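Colleague: One structure is given below, represented as structure tokens, and several questions about it will come after.
The values are calculated or read from the model by the stated rules, or taken from the named source; none is laboratory data. Predicted model, so just to flag it, every value in this text is computed and none were measured. Methodologically, a virtual Cβ is constructed for each residue, glycine included, from the backbone with ideal geometry; neighbour enumeration extends over all protein chains shown. Side chains included, ligands, DNA and RNA excluded: accessible areas come from the protein's heavy atoms. Shrake-Rupley method; radii C 1.70, N 1.55, O 1.52, S 1.80 Å.
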Amino acid sequence: MKVNELTPLISDENIIYVSDPHRQIFIMKVYRTVFFELLYTVSFISLAFNVKPINDFMRGDYGFGILFLVFNALIIQSCSLVCCMDKLREKPYNYLYVCIFTILMSYFLFFFCYIVPPQSLLLAGTSTLFMFSGLSIYAWQTNIDYSTKGNYLLISLLLLFLLGFFNLFLQLTFIQILYPLLGVGVFSFYIIYDTQLILGRQTIKYKPDDYMIASINLYLDIINMFVYILEMINGR
């Protein structure tokens with residue numbers, strides 16, 4: 001091997017360092033995008049909580065009317081993420097998609113958070129940050145390949161949605177306790193799964209043009225984990 005020839009991975013005890021410069025740029029783009037998505041979401045919810053005119057508008061008739069439109073727009077965007085994936089790899093569609101999706105999700109998330117005490121929001125946010133950091137480090141250094149477990153995760157997610165549907169009608173105590181715990185577990189594995197796809201050192205990985213799609217998936221993993229942790233804390 002020549003001295004200037006790049007090797008995709010360099011192992012140092014239990015830590016794996018990604019040395020491919022193209023993969024490094026991809027990882028940087030993904031996490032930078034996720035950072036700004038989360039920054040916008042936190043900033044928007046904070047403003048909506050603390051600025052009275054914004055808060056009054058959000059909780060008024062027009063605010064709830066916009067919420068209905070936002071909900072339907074999120075469904076359409078979620079479907080387009082599957083149906084129009086090739087188009088979303090191109091500029092400027094990928095940037096527009098991420099910006100619009102983040103704005104809509106932040107608006108929708110406010111209505112989930114505004115009836116929760118600020119202390120619970122802070123605790124849930126801190127717990128989510130701690131969980132995400134720990135799971136990311138684990139996904140980075142482990143030799144277990146989670147990138148091939150996407151089918152199992154999809155089945156787990158469908159079963160989780162089914163349990164949540166039953167919970168709406170049955171209102172059983174043990175389901176209300178079990179449901180958020182399972183939700184945190186499922187999205188913990190999704191964070192590990194998506195992180196390994198982003199790092200690209202396992203069997204399956206994202207392509208260089210997929211950084212916007214990867215950032216949306218990781219952003220949704222974090223948001224869903226936050227929601228389920230909040231449900232656990234708030235006892236809903």
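Colleague: If a/c stays under 1.5 just call it rounded; otherwise compare a/b with b/c (prolate if a/b is bigger, oblate if not). Do that for region 71-183, with a ≥ b ≥ c from the square roots of the Cα gyration tensor eigenvalues. Provide the component values of the computation, followed by the final result.
Modeller: Details: a/c = 1.39, a/b = 1.21, b/c = 1.16.
The shape class here is rounded.
Colleague: As a test of the formula, what do you get for the chain when each DSSP H run with n ≥ 4 contributes -39,500 (n - 2.57) and the sum is divided by the residue count, at 222 nm and rounded to the nearest 500 deg cm²/dmol?
Modeller: On the way: 8 runs with 177 residues, N = 236.
The helix-only estimate for the chain comes to -26000 deg cm²/dmol at 222 nm.
Colleague: Under a plain spin-label model, where a point goes 7 Å from the Cα along Cα-to-Cβ, how far apart in nm are F108 and I66?
Modeller: Result for the modelled spin labels: 1.6 nm.
Colleague: Picking from L178, L122, L170, which is most flexible by a Gaussian network model of the chain using Cα springs under 10 Å?
Modeller: Result: L170 has the largest fluctuation of those listed.
Colleague: Still on this structure, I have one more. Using a 1.4 Å probe on the protein heavy atoms, what percent of the accessible area of region 158-199 belongs to carbon and sulfur? The partial results should precede the final answer.
Modeller: Numbers: 1820 of 2220 Å².
With neighbouring chains kept in place, the figure for region 158-199 is 82 percent.
Colleague: Ok, one more. How much area per residue is accessible in the chain when the probe is 1.4 Å and only protein heavy atoms are counted (Å²)? Spell out each step's value before the answer.
Modeller: Working: 13840 Å² over 236 residues.
Spelled out: the 1.4 Å probe surface of the chain, per residue, equals 59 Å².
Colleague: Anyone know which of T195, T148, T41 comes out most mobile in the 10 Å Cα GNM of the chain?
Modeller: Checking each option, the largest mean-square fluctuation is seen for T148.
Colleague: Which whole-number percent is the relative contact order of region 96-236 (Cα, under 8 Å, 6+ apart)?
Modeller: On the way: 109 pairs, mean separation 49.7, N = 141.
Relative contact order comes out at 35 percent.
Colleague: Treating the angle as unsigned and between 0 and 90°, give the value, to the nearest 10°, between the Cα long axis of helix 21-50 and the longest Cα principal axis of the chain.
Modeller: 10
Colleague: Please compute the modelled spin-label separation between K87 and C99, points set 7 Å along Cα→Cβ, answer in nm with one decimal.
Modeller: Placing both labels 7 Å beyond Cα along the Cβ direction yields 1.8 nm.
Colleague: Which residue, C113, C79, C99, has the most motion in a Gaussian network model of the chain that connects Cα atoms within less than 10 Å?
Modeller: Taking springs between Cα atoms under 10 Å, the residue moving most is C79.
Colleague: Which whole-number percentage describes the relative contact order of the chain, with Cα contacts under 8 Å and a sequence gap of 6 or more? Write out the running numbers ahead of the final one.
Modeller: Details: 214 pairs, mean separation 68.3, N = 236.
Computed value for the chain: 29 percent relative contact order.
Colleague: Same structure, new question: Can you spot the lysines whose alpha carbon is less than 20 Å from K149's alpha carbon? Ignore those fewer than 8 places along the same chain.
Modeller: Here the lysines satisfying the reach criterion relative to K149 are K205, K207.
Colleague: Also: On the accessible surface of region 69-130, probed at 1.4 Å, how many percent belong to carbon and sulfur atoms?
Modeller: 78
Colleague: Another question, if that's okay. Would you mind checking the tilt of helix 93-113 against the longest principal axis of the Cα atoms of the chain, expressed as 0 to 90 degrees and rounded to 10?
Modeller: That works out to roughly 40 degrees.
Colleague: Given R₀ = 45 Å, FRET efficiency for R59-M28 by Cβ-Cβ distance, to 0.05?
Modeller: On the way: r = 39 Å, r/R0 = 0.86.
So, using R0 = 45 Å, E works out to roughly 0.70.
Colleague: Also: Name the shape class, rounded, prolate or oblate, that the alpha-carbon gyration tensor gives for region 75-115, where a ≥ b ≥ c are the square roots of its eigenvalues, rounded holds for a/c under 1.5, and otherwise prolate holds if a/b is larger than b/c and oblate otherwise.
Modeller: On the way: a/c = 5.29, a/b = 2.17, b/c = 2.44.
Oblate shape, in that a/c is at least 1.5 and b/c is the bigger or equal ratio.
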